[in-house]
Structures are given as C-alpha cells and as structure tokens.
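S.K.: Below is a structure I'd like to ask you about.
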Amino acid sequence: MVEHAYTNSLITEKSPYLLQHAHNPVNWHAWGDEPFKIAKEKNLPVLVSIGYATCHWCHVMERESFEDPVLAAALNKSFVSIKVDREERPDVDSIYMQAVQALGQQGGWPLNVFLTPDAVPFYGGTYFPPERRHNLPSFLDVLQFLINTWKNEQDKIDKQTEALVDYIRQASTREKSSAEPDDLDFVGEDKAVELFEKHYDRLNHGFQFQQQNKFPPSMGLSLLLRHYHRTGHANSLTMTENTLKAMKFGGIYDQIGGGLSRYSTDYKWLVPHFEKMLYDNALFTTALIETYQVTGKKEFAEFANDLLQYIDRDMTSDEGAFFSAEDADSEGVEGKFYVWTQEEVEKILGRKTASVAIPYYNITPSGNFEGKNILNVTQGPEAIAKKVGMQEADALTELETARDKLLEVRSQRIRPLLDDKVLTSWNALMISAMAKTGRVLDDADRIEKSARAMEFILTRLRTPEGKLLRRYRDGEARYDGYLCDYTATATACMDLYEATYEPHYIETARELMQRVEDKFHSDNGTFHETASDGEELLVRQISGYDGVEPAGNSNAAFALLRLSAYLADPDLSKKAEKIFLNFNDELMEYGLNSAFMLQALHLYLGGLKEVAVVGKRNDPTTQELLDTLRKGFYPNAVFAFAYEDEVERAGKLIPLLKDRKGVNGKATAYVCRQGTCLAPVHSAEDLVKLLSYE
C-alpha cells in the first residue's frame with residue numbers, strides 16, 4: 001500500500017484525471033457549488049484548472065507545480081482551487097476556453113483560468129512553467145501578481161470580468177439568420193475543397209495550416225469523398241487516399257498494435273503525440289471504410305479492420321463499451337511504450353525475420369526519436385522483398401511474424417495509462433464506425449460488437465425517463481448528457497439500423513431527437529449545447545464548430561434529415577434546414593471548421609433519396625438488392641428493409657416501409673426523392689441506376 005503525504009477531496013471522484021490529482025498538496029475541489037460558496041465566504045479568487053487524463057502537458061504541470069508544496073501553499077492560502085475533467089464537462093471547458101482565447105491567448109490544455117466567486121473569468125492561460133522561460137512567467141509569478149491584483153486593484157478585475165462576460169455572451173448568441181432556403185447551395189463545399197487544395201501537402205500529404213502539428217483531418221476527408229462523388233473532381237479523391245495512407249503508414253499510427261495517435265508533431269506524420277483518443281480512431285475508421293466503398297481498394301478495408309482489432313483488444317470493456325483514451329506517457333516518459341532500438345528488435349526477431357522487418361519499419365542504429373525508433377513504413381512489402389532477395393509472399397509471412405513477436409514483447413512493458421471512462425458521444429462515434437464497417441464488409445461479428453456497445457449506452461447511460469448521461473465509470477453514470485451525446489447516439493442508432501434492419505433503433509433515434517427538441521432548442525432553430533434543465537452556467541452556448549468530434553448541431557442536422565425519410569415527416573427536414581440557414585455564413589466562408597455540417601448539407605442539397613426494399617428469405621434477388629445498398633457509397637440516401645412477413649410490423653415504426661409489398665412476388669426496391677417516387681425495380685442493376693439518378 002502506497003503511503004501518500006497528502007490527500008484532498010478529489011479522492012472520492014471517479015474521473016481518472018481528477019484522481020491523478022487526489023494526492024497533490026493543493027486543496028483541490030471538484031466542480032460544484034461548494035467551492036464557490038467557500039470563495040464567497042472568504043472573498044477569494046478561484047482557480048479552475050482543466051485537463052484530461054491522457055494530456056501530456058497536464059502531467060508536466062502537475063509534476064512541476066501542483067506537486068510543489070511551496071506553490072500549493074500559495075494556492076491554498078489565497079485561492080479556492082477546482083479541478084475539471086474537460087471530457088466529463090465539455091460545457092465548463094468550452095466557456096473558459098473561449099475566455100482565454102478572448103484574452104488573446106492560444107487555447108489548449110492544461111487550461112488554467114482564474115474566476116471571481118461568481119464564476120466569472122478575469123485571467124487565464126494554459127501551461128505555466130515552474131520558472132520563467134521562453135518569455136513565460138513562472139506559475140508562482142502569476143499567482144503573486146493575481147494575489148496583489150485581487151487585494152489592491154479590484155477595479156481592474158471588475159472591468160476585465162465585464163468585458164469578458166460581454167464577449168462570451170455575445171459569441172454565444174446567434175441572431176436569427178436572414179438567409180432563405182434558396183441561399184443554400186454547394187458553394188460552401190466547393191470553397192472548402194479549394195482551401196483543402198490550397199493547404200494540401202503534396203510531399204507528405206495531409207494539410208498544412210498555421211501550426212506545425214498535423215491533426216487527422218478525417219471529417220474533412222469524408223467531405224472530400226462526397227465532393228468527388230458529386231463532381232467527379234479527381235483531386236478530392238487523390239488527396240483523401242494519399243492522406244489516409246500517409247497516416248496509416250506513418251509514425252502517427254501504431255504499426256505494431258494498431259490505432260491512431262492524437263496528432264503528428266511534424267509534417268511527415270512521423271513523430272506523434274502518442275496519446276490515442278477513441279474519437280480520432282472512430283472518425284479515421286469511417287473515412288477508411290468510406291474510401292473503400294468509393295474505390296473498391298481492399299487496402300482501405302484492411303486498414304479499417306486493423307484499427308478495429310486494436311479497439312477490440314485494448315479499448316473495449318468486458319461489457320462491450322469503449323474506453324476513452326490511452327496516455328502518451330508510460331513511466332513518466334512520452335512514447336516510451338512504443339519505441340524500439342535496432343538491437344532489441346534484432347534480438348527479439350532473429351536474423352531472418354529482422355532482415356525484412358528492419359528495412360520495412362525504417363529501423364536504424366541511431367533511431368528517429370531520441371535515439372530510438374518510431375516504426376513507420378515508406379516502402380511496400382514488394383520493394384522490401386526485392387531488396388532482401390525474397391519472394392513477396394515469404395516477406396509478408398516474415399512481417400506478420402515480426403509484428404506478432406514485437407506485440408507480444410511490448411505487451412510485457414509498463415503500459416500507458418488507460419482512461420477507462422465511457423463517454424456517450426465518443427462511444428456513439430465508434431458504434432457508427434463499427435456498424436458501417438460491419439455492414440460494408442458483411443462482418444456479422446463487427447455489427448454485433450457495435451450493437452453490444454449501443455446496448456450498454458441505452459441501459460447504463462440512459463435513465464428510465466429517457467435522459468442520456470455523459471459518463472460511466474466504475475459502476476457510476478453521471479452528468480447530464482450534452483447535445484453531442486444525444487445527436488451522436490441518434491445517428492449511431494440509424495447506422496445500426498442500416499446494419500441490422502432492427503426497427504427499434506429508428507424508434508430510439510426518434511425518442512432521442514424528440515428530447516433534443518424539448519430540452520435543447522433555441523429560438524432561432526439551432527440547438528444549445530446544454531439542456532434547459534441542466535446546470536446553469538454563465539451562458540448556454542450554441543456551436544456549429546466541428547472540432548475533434550462533430551458539433552451537436554452538425555449531428556442534429558444529419559439525424560433530423562435521416563429521420564425525416566424514415567418517418568416520412570418533412571417537418572424534420574425543415575428543422576435541419578433551419579440549422580443550415582443559421583450557420584450559412586460560416587459554411588460559406590470557412591467550411592473547413594464545419595466539415596461534418598457540410599456533409600449533412602451535402603445530404604440535404606443532394607436531394608435525399610428514400611429507399612425501401614422488400615424481399616423474401618433465402619432469395620438471391622433479395623440478397624443482390626441488399627448487397628447493393630450495404631456495400632455501395634450512396635451518401636444522399638437512406639435505406640430501409642424488411643422481409644415480406646415483417647413489413648407490417650416494421651412499418652408501424654418506420655413509415656418508409658409502410659404498405660410496401662413485393663411486386664408480382666419478386667423482391668422489390670422503391671426509390672423516392674423529394675416527394676416523387678420512381679417506378680419500383682427488381683434488379684441490382686436497375687437499383688444502382690435509380691440511386692445514381694439526379
């Protein structure tokens with residue numbers, strides 16, 4: 001049993017991030033009424049420090065500052081200190097991140113914001129070093145400056161808080177748009193593609209924006225696939241394929257265990273920030289399987305399967321839910337778990353296998369990362385086989401052996417921290433990715449795994465009254481769900497329906513979106529990030545920014561459009577239209593920030609096709625029609641299916657199937673578009689023609 005010199009109130013929390021700070025000498029509180037009550041009684045400023053469990057620089061600041069007794073004493077005497085897990089409380093994080101950015105600082109984590117006892121921000125930043133460096137004041141300097149300002153210059157604080165609150169409230173308020181439905185067009189999508197082309201890195205692939213770091217642009221790649229599908233613009237597909245392969249073969253992808261890291265610190269996708277996030281891997285999988293649909297190239301299906309095997313092995317709970325993240329650090333060193341020396345690889349693999357693996361993974365005696373090697377691939381097995389004088393099939397066998405042996409040895413190392421909390425929206429993204437992959441590849445096991453995860457959400461993270469909760473860990477479900485939780489889960493339900501044709505998924509999606517209507521609506525037709533009966537913060541924000549995951553409003557538009565087809569309810573499509581109208585300026589000017597909403601708009605503008613198929617069991621024609629729907633890339637269509645003996649039951653929950661029958665005893669596909677139904681067809685060839693008809 002480890003003896004700790006200090007223990008604070010975070011010890012009773014479930015968040016791995018908060019628990020990491022439970023033995024700091026800082027007298028931390030969790031977010032809630034109590035610390036603000038203390039601050040008011042003692043007239044003290046409040047430090048809100050926000051991060052997450054797998055955040056490298058959060059760990060650094062904890063070691064350097066929050067474990068320092070001198071600094072902790074200053075905090076405990078003159079501040080009330082609160083720790084927030086941004087993944088549990090994205091609402092709190094978003095408000096105070098906006099405040100720091102309003103102060104002219106670049107956002108990021110750890111986020112350290114100083115508030116009045118009324119929770120109003122007046123100063124903040126991200127990482128503060130323990131000593132002055134790189135023009136940054138030390139954290140102790142910052143605290144002493146703020147202590148003096150709080151005691152002697154309250155007028156300055158009052159002016160700052162007033163300005164910041166005005167800014168945050170103004171930024172969070174959306175006036176009703178003057179745009180009309182006729183103003184909605186593909187111009188925003190086309191402009192976004194132009195920007196992607198402008199910033200495309202033709203040498204290393206991906207996109208170079210202002211920062212050196214390269215983040216996985218998966219939502220943007222899925223948008224480029226839709227642009228290619230609509231226009232035939234070859235470069236949209238070329239950029240997508242090249243970028244996906246550059247990530248898959250780069251150091252940003254774990255070549256031994258699978259899984260994508262958070263971002264690359266260089267242009268070449270070589271040196272990652274080693275943490276792995278569930279949402280990145282879900283969105284990457286979706287882009288991979290959609291690229292397989294578009295191109296038919298098996299390598300993209302194999303990439304998706306490789307990634308999902310990592311999720312199965314390392315990121316799935318015994319009950320089938322998906323964990324949140326894996327840390328970058330192990331034994332206090334970033335990347336230590338993942339890197340290799342040439343000597344140890346040779347020792348593990350033996351001469352023959354190492355002779356193939358070492359050149360394939362670009363392993364050298366000097367290494368490419370602090371004297372060790374991040375494995376990456378720049379040549380295919382065929383080229384390596386020629387170099388070493390081996391048949392390609394034999395080289396592939398050696399590479400498979402190498403991967404298995406290295407994974408076995410690596411599994412005995414001290415692993416990075418696993419953030420094993422279950423977050424609703426992140427699970428929904430992975431459920432969607434798995435359901436699509438299982439559907440396209442005809443993988444019943446993959447579909448079953450996605451259904452099992454959805455069952456976890458609907459039983460462990462949904463109350464009997466239908467309210468979703470945000471986080472589950474260690475037997476506890478907590479925090480009201482946010483807009484992203486409801487809308488991503490509704491979308492995942494529809495993706496599961498198209499993989500299983502179980503009507504209850506559509507009913508669940510309808511219930512979730514009805515709750516969105518009831519609890520999140522705003523006066524202008526968009527949706528707030530938080531529910532009307534949730535905790536009252538400085539503002540209720542409205543956002544269409546697709547950051548690391550799709551915005552709640554983006555997913556709401558998608559869900560409403562698809563539901564409008566399943567439920568034969570054009571009013572739902574009108575509600576999606578209002579979202580597009582209110583964000584039209586952003587979509588037109590800089591759609592790179594709203595790549596997922598542009599995907600939803602693509603569905604709306606493309607003339608959503610409603611496809612219903614009815615067939616017989618064990619009938620080859622029925623199977624051919626289903627294969628067409630399940631395997632092809634049809635981003636402007638929704639699909640419903642039932643066997644003839646189930647149509648009546650399914651039609652009660654899914655009006656798109658109501659009264660559908662097989663014509664002349666044959667399997668039949670019905671295709672409708674914008675209120676017009678085309679003649680029913682019976683062959684896969686004719687169905688493809690209708691799906692391609694504009």
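S.K.: So if I check each of Ser324, Ser355, which one is at pLDDT 95 or above, crowded, with 19+ Cβ neighbours inside 10 Å and assigned by TED's automatic domain parsing to the domain that holds Phe274?
M.R.: Ser324
S.K.: Continuing with the same structure: Could you grab me the full set of residues in region 305-330 that are over 18 Å from Asn281 (Cα atoms), of a type outside the set (Ser, Thr, Tyr) and touching a Lys or Arg at 6+ places or on another chain (Cβ under 9 Å)?
M.R.: Glu319, Asp329
S.K.: Still on this structure: Is it fair to say Leu691 is under 25 Å from Leu441 (Cβ atoms) and aliphatic (A, V, I, L, M)?
M.R.: So Leu691 passes the test.
S.K.: Find the residue count for region 90-124, including only residues that are small (Gly, Ala, Ser) and modelled with pLDDT of 90 or more.
M.R.: Number satisfying all stated conditions: 4.
S.K.: Another one. For region 417-463, give me the residue count where each residue is over 15 Å from Asp485 (Cα atoms) and either modelled with pLDDT under 95 or among the hydrophobic types (A, V, I, L, M, F, W, C) (or both).
M.R.: The total comes to 10.
S.K.: What is the one condition in (1) over 16 Å from Val388 (Cβ atoms); (2) surrounded by 21 or more Cβ atoms within 10 Å (Cβ to Cβ) that Val345 does not satisfy?
M.R.: The one condition Val345 does not meet is (1).
S.K.: Quick check, is Glu624 farther than 18 Å from Met513 by Cα, touching a Cys at 6+ places or on another chain (Cβ under 9 Å) and modelled with pLDDT of 95 or more?
M.R.: no
S.K.: Out of the residues in region 196-254 meeting the condition of being of a type in the set (Asp, Glu) and closer than 20 Å to His602 by Cβ, tell me which one is surrounded by the fewest Cβ atoms within 10 Å (Cβ to Cβ).
M.R.: Across region 196-254, the extreme among qualifying residues is Glu197.
S.K.: For region 414-520, list the helices (runs of 4 or more DSSP H) that sit wholly inside it and hold at least 1 residues that are surrounded by fewer than 24 Cβ atoms within 10 Å (Cβ to Cβ) and of a type in the set (Asp, Glu); which are they?
M.R.: Where helices (runs of 4 or more DSSP H) fall fully within region 414-520 and carry at least 1 residues being surrounded by fewer than 24 Cβ atoms within 10 Å (Cβ to Cβ) and of a type in the set (Asp, Glu), they are 444-460, 483-500, 504-520.
The values are calculated or read from the model by the stated rules, or taken from the named source; none is laboratory data. Please read these numbers as outputs of a predicted model, since none were measured by experiment. Cβ coordinates were reconstructed from backbone atoms using ideal geometry, including for glycine residues, and neighbour counts include every protein chain displayed.
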